[in-house]
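J.: Okay, handing you the structure first.
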Amino acid sequence: VALIPLALGIAIWGWLWRGHESRLTADLARVLPPGAQVETGGFPYRLQARIQPADILFDDTALTASAKAAEAIVNRVPWQPDRQVISLRDTSATLMLKPLQDARIWVVAPGAQASLRLDGKIVSRLSIVWDQPEIATGLFAGPVRAAQLEAHFRETPAPESVATTPSSASPVFPTQAQLVLSGTDVRFGNGMPLALALESEFTARTALSSFAGWADDGTFEVRGATLSDATGEVARLTATLVPDGDDHLAIAGTIDTVCPASVRAAIAGEPAPTEQRARKPERIAISGRLPGEVTATPHDPTKPQPPVRGQEPPCPRLR
């Protein structure tokens, strides 16, 4: 008699848990191709789904995205269906913006960890950490490698009353999403290992639903992108990127750097010079289009060379 309540509780929880398991299976079915093999388990606590292999594809009129992994394990707490933690093995991901020439990004890594939190259809937070990723893109020359790369994305849809017209104080529409990147031992081509930190925002008239909608009147605002080595900050970029309607992204911004000759050489694709770090950062204006048409203001030969920090290591090779 004493065990009847316990047995009844286990039976009720098992029935509820199976319902949560069915919901997880249905959620995965929306993003997996037909016939994908999904193995679920984890009773009595967390829900776990194992997919071998995992292949996810998203495609609309302007954006194509795919993610593949030799194995994906999705964990979810039954009473929190809006949150999941995902482990990936032997991963590859591709993102392509169809209206832009060469605007394709590949990320290949032996492993990755991700977490996703949703608020309805809005991405409250998407975090991904890649181990030893290799990145290639048509926007920049040469591959990018890192010991670890971390990305955080979240949608922050502005109220419709705010998003209708840019204010006089700001010529752009309000922020609709945010993207933060950080990386360790990041190498651009043949460059030296650097630390990367980027904070950026997507602005648009309305909430982000597709690239086509963002491209009509949106911008990509780089609030700050820094490259640092063991000695300190090497360069910091602030810029605005806008689709120019001609299959490119127009870019305009500034770079504050203690290694101006190295930065100019990296942008121009020229051999890296031997340069000592300046005592005071120089501001360099950049403009042009991506991919491949960015220029930096040249050094003014009438100005004397700035004093340098001879006691510190020379500027690192950037690419």
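J.: Only one of R223, R236 is closer than 19 Å to F173 by Cα, under 24 Å from the mean Cα position of the chain (by Cα), basic (K, R) and at pLDDT 90 or above; which?
T.: Matching residue, one of R223, R236: R223.
Per-residue answers, yes or no, for (1) within 30 Å of P291 (Cα to Cα); (2) of a type in the set (A, V, I, L, M); (3) open to solvent by 40 Å² or more (accessible area, probe 1.4 Å); (4) at pLDDT 85 or above:
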residue	(1), (2), (3), (4)
I56	yes, yes, yes, no
D59	yes, no, yes, no
W79	no, no, yes, no
I105	yes, yes, yes, no
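J.: Okay, moving on. Look at G42 and say whether it is open to solvent by less than 50 Å² (accessible area, probe 1.4 Å) and at pLDDT below 80.
T.: yes
J.: Let me ask something additional. Could you please let me know if L318 is modelled with pLDDT of 90 or more, over 18 Å from V172 (Cβ atoms) and touching a Phe, Trp or Tyr at 6+ places or on another chain (Cβ under 8 Å)?
T.: Here the answer is yes, as L318 does meet what is asked.
J.: Only one of these is in contact with a strand residue (DSSP E or B) (Cβ under 6 Å, 6 or more places away or on another chain) and without any contact (Cβ under 8 Å) to a residue 40 or more places away in the chain: R279, R264. Name it.
T.: Within the list R279, R264, the selection yields R264.
J.: Among the residues of the range 19-39, is any among the basic types (K, R) and at pLDDT below 80?
T.: yes
J.: With the condition kept exactly as written, say whether any residue in the range 18-30 is closer than 22 Å to D90 by Cβ and in contact (Cβ under 8 Å) with a residue 12 or more places away in the chain.
T.: Yes, the conditions are met somewhere in the range 18-30.
J.: Then there's this: State which residue is surrounded by the fewest Cβ atoms within 10 Å (Cβ to Cβ) when the search covers only the range 1-39 and only residues that are among the basic types (K, R) and either more than 14 Å from V74 (Cα to Cα) or over 31 Å from the mean Cα position of the chain (by Cα) (or both).
T.: R30
The values are calculated or read from the model by the stated rules, or taken from the named source; none is laboratory data. Keep in mind that this is a model prediction, so the values were computed, not measured. So basically every Cβ, Gly included, is an ideal-geometry build from the backbone, and we count neighbours across all protein chains shown. Note: accessible area is taken over every heavy atom of the protein model, side chains too, but ligands, DNA and RNA are not part of it. Shrake-Rupley method; radii C 1.70, N 1.55, O 1.52, S 1.80 Å.
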